[in-house]
Amino acid sequence: MNEIKTITAVSKATDPFIASQELYQQLHKENISFVLFYCSSTYALDTLAQTMESTFKGIDIVGCTTAGEVTNHGYEQHSIVAIGFSSQYFAICATLIESMEKFDTVNAQSTINGLIEQCQSKELTVIKNNSFLLTLLDGLSSSEEQFLVTLNSAARAIPHFGGSAGDDISLTKTHVYYCGKFHQNAAIVIMVNTILPFEVFTCHHIKRPTEKLVVTDANPATRTVYELNAEPAALEYAKLLNMELKDLSPEVFSLNPLAVKVGGDYYIRSIQKVNEADLSLTFYCAVDVGIVLTAVEMGDIFSPVIEKLGEISQRYGEPELVLTCDCFLRRLEIEQKGLESKVRQLNTKYNIAGFNTYGEHTNGIHLNQTFTGVYIAGGIDE
């Protein structure tokens, strides 16, 4: 019998009530008991929260705002993508952390313990080797790194991925949704227990390092770098690129990222914006005085993703769903190069859904400019 395991819905309606109704009509199937959604921040969020809560009565639903939506037909914008999960194949529990700053090891332990107990009570399958964690964080919080490290310390080696909420590149307010309300400075931790095979993964398209820049003045609390190589940070970055200061933009940042080397691997620290008042740079990830930022040359943006998903499909078979957190700077690069048709082909082939993020999470690490997610295989139909 070919039962529904997951189902993906999309609404491009701008009216929150109509959008909620359209999503419900697509997702209202037998045994769908949990819905995960990603929405544009251009919606009237208070109204959307109320209509989603009232429309999906009796179904657990969580979500966040985005810097763009990812569907199995390619990129969308100013829309909502939602994924429904069948209780026949998934036991899913979620909890809200109202303040990321106050999250400590005690909170982390109680959070993980509580999620394990809730999932176990659904009696689907054992937790070990059959579960993963998904995090949704306020993407403009400066507490993301500490939150993820703290959560990971209590995660009991359960694989973890996630994404930081966006706001359509306005850089003003990002939100997570839980129990009928959008929250700021908050996090949602979701435990997914499933009888289907899966693999959490991350990949990037860094090709090779080039020039190095030393952070000589910074404020880690605000992720602001004032000086690189003892010069105003924005000026030094523009000089590196042989560009005028006025030409620096998110599109430039996406094609010319800086990275830090940790344990032999490079991790991108994406630039968020130039602060004209003092010519400093604000980043999406943690930065501190003394770290070395390396300019990196980027390779083909699709090859690592195609290779990774191909490898996983050889191990586990055809995908049921690839749930992804895809950095919005990757999207900017793809759009600048006119490669949207390749996204559509890839997303259709692997049934990819998710959102464009302000940062990605994997096993306690905060990343930028990666394609991070979970490959859920279809398994064998009874």
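Worth a mention:
- Pairs, first assigned to a strand (DSSP E or B) in segment 283-300, second open to solvent by 50 Å² or more (accessible area, probe 1.4 Å) and aliphatic (A, V, I, L, M), C-beta under 8 Å, six or more apart: VAL292/VAL214; LEU293/VAL214; MET298/LEU255
- Residues in segment 176-205 that are over 23 Å from GLU117 (Cα atoms) and open to solvent by 30 Å² or more (accessible area, probe 1.4 Å): LYS181, HIS183, GLN184, ASN185, THR202, HIS204.
- Within segment 344-382, the only residue that satisfies the criterion of being of a type in the set (Val, Ile, Thr), within 14 Å of VAL70 (Cα to Cα) and open to solvent by 20 Å² or more (accessible area, probe 1.4 Å) is THR348.
- Set PRO319, PRO304, PRO250: member being modelled with pLDDT under 95 and under 20 Å from the mean Cα position of the chain (by Cα): PRO250
- SER164 polar (S, T, N, Q), under 16 Å from the mean Cα position of the chain (by Cα), in the same structural domain as THR357 (by the TED database) and under 30 Å from SER303 (Cβ atoms): yes
- Residues in segment 106-126 that are hydroxyl-bearing (Ser, Thr, Tyr) and part of a helix (DSSP H, G or I) were compared, and the one that is least open to solvent (accessible area, probe 1.4 Å) is THR111.
- Matching residues in segment 301-343 - criterion: being in a strand (DSSP E or B) and over 17 Å from SER254 (Cβ atoms): PRO319, GLU320, LEU321, VAL322, LEU323, THR324
- Among the residues of segment 76-105, not one is at positive phi and open to solvent by less than 10 Å² (accessible area, probe 1.4 Å).
- From the options LYS181, LYS173, LYS212, LYS207, residue that is basic (Lys, Arg) and within 17 Å of the chain's Cα centre (by Cα): LYS173
- Qualifying residue in segment 231-239 (condition: assigned to a strand (DSSP E or B) and at pLDDT 95 or above): yes
- One residue stands out in segment 140-160 among those that are in a helix (DSSP H, G or I) and aliphatic (A, V, I, L, M): the one that is nearest to LYS128 (Cα to Cα), namely LEU151.
The values are calculated or read from the model by the stated rules, or taken from the named source; none is laboratory data. Everything numeric here is computed off the predicted structure, so don't read it as measured data. For neighbour counting, all protein chains shown are included, and Cβ atoms are generated from backbone atoms with ideal geometry for every residue, glycine included. The protein model used for the area step is the full one, side chains on, heavy atoms only, and it has no ligands, DNA or RNA in it. Shrake-Rupley method; radii C 1.70, N 1.55, O 1.52, S 1.80 Å.
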